[in-house]
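Below is one structure, written out as structure tokens; the observations come after it.
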Amino acid sequence: MKSVVRSCSACLRWAASFIAASLTACGGEAWAGPPFFSNDPDPPDLGQWEIILPSTYSRSSGAATSGEWTTFDFNYGYDARTQLSAGLPVSFLREPNQRRQSGFGDVFLEYKRRFGVDPDAGYFGIDPEVAFPTGDSNRGLGAGRTTAAFPLLYQKQGGKWTAYADTRYK
């Protein structure tokens, strides 16, 4: 029985690796968390820090690649329902037949606020973000202007499952 379990486990790892490699080769975007593509409304516990180091990768149909090697994303639990955040992305861009550009992207600040306390009943949150033009936009590493996003977040828990929704205006 142990050998069957080991071979199934090896097959699953191989299949997951194959799917990930296929998606990357096909030029699609893949999202994984954290950070989730849809954010959650929960802040860290009171007085606690949360440090997230995500990476992103995108490949366009024209074969340009872009993303972030990582983002230094610092989150602080200001109170039971509030999170204060600051982030500094380390971005990259490679256009076809050009050298890859790498460097710091646009610094961002966020204020996340949760409304509600019962995940089984569901609750909403907001997470407005302002990004400042600190990345070199001439090299494709920043927007070249101050930008803002105004997300509305929702979370509902049901048994072992938790659903997140995130709609935003940029």
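Of the residues examined, E68 is one that is in the same structural domain as A163 (by TED's automatic domain parsing), at pLDDT below 95 and not in a loop (DSSP other than H, G, I, E, B).
Given the structure, is A63 part of a strand (DSSP E or B), assigned by TED's automatic domain parsing to the domain that holds D45, farther than 21 Å from L53 by Cα and of a type in the set (G, A, S)? It is false that A63 is part of a strand (DSSP E or B), assigned by TED's automatic domain parsing to the domain that holds D45, farther than 21 Å from L53 by Cα and of a type in the set (G, A, S).
The residue list G67, G144 contains one member that is within 19 Å of K170 (Cα to Cα) and touching a helix residue (DSSP H, G or I) at 6+ places or on another chain (Cβ under 6 Å), which is G144. Can you name the residue in the stretch 31-57 that is farther than 24 Å from G105 by Cα and surrounded by 12 or more Cβ atoms within 10 Å (Cβ to Cβ) and is also modelled with the lowest pLDDT among such residues? Of everything passing the filter in the stretch 31-57, P41 is modelled with the lowest pLDDT. Scanning the stretch 116-147 for residues that are closer than 22 Å to V90 by Cβ, out of contact with any Gly (no Cβ under 6 Å at 6 or more places or on another chain) and of a type in the set (A, V, I, L, M, F, W, C) yields V130, A131, F132, A143. Scanning the stretch 87-106 for residues that are among the aliphatic types (A, V, I, L, M) and closer than 14 Å to P54 by Cα yields L88, V90. Among the candidates L109, L152, the residue that is surrounded by 14 or more Cβ atoms within 10 Å (Cβ to Cβ) and either part of a strand (DSSP E or B) or in contact with a strand residue (DSSP E or B) (Cβ under 8 Å, 6 or more places away or on another chain) (or both) is uniquely L152. Every condition in (1) assigned to a helix (DSSP H, G or I); (2) surrounded by 12 or more Cβ atoms within 10 Å (Cβ to Cβ); (3) modelled with pLDDT of 60 or more is met by R13 except one, and the failing one is (2). Taking the criterion of being part of a strand (DSSP E or B), surrounded by 13 or more Cβ atoms within 10 Å (Cβ to Cβ) and under 20 Å from the mean Cα position of the chain (by Cα), the residues of the stretch 117-149 that qualify are F124, G125, I126, E129, V130, A131, F132, T147, A149.
The values are calculated or read from the model by the stated rules, or taken from the named source; none is laboratory data. Just so you know, these numbers come straight off a predicted model, no measurement behind them. Every residue, glycine among them, receives a Cβ derived from its backbone with ideal geometry; neighbour counts consider all protein chains shown.
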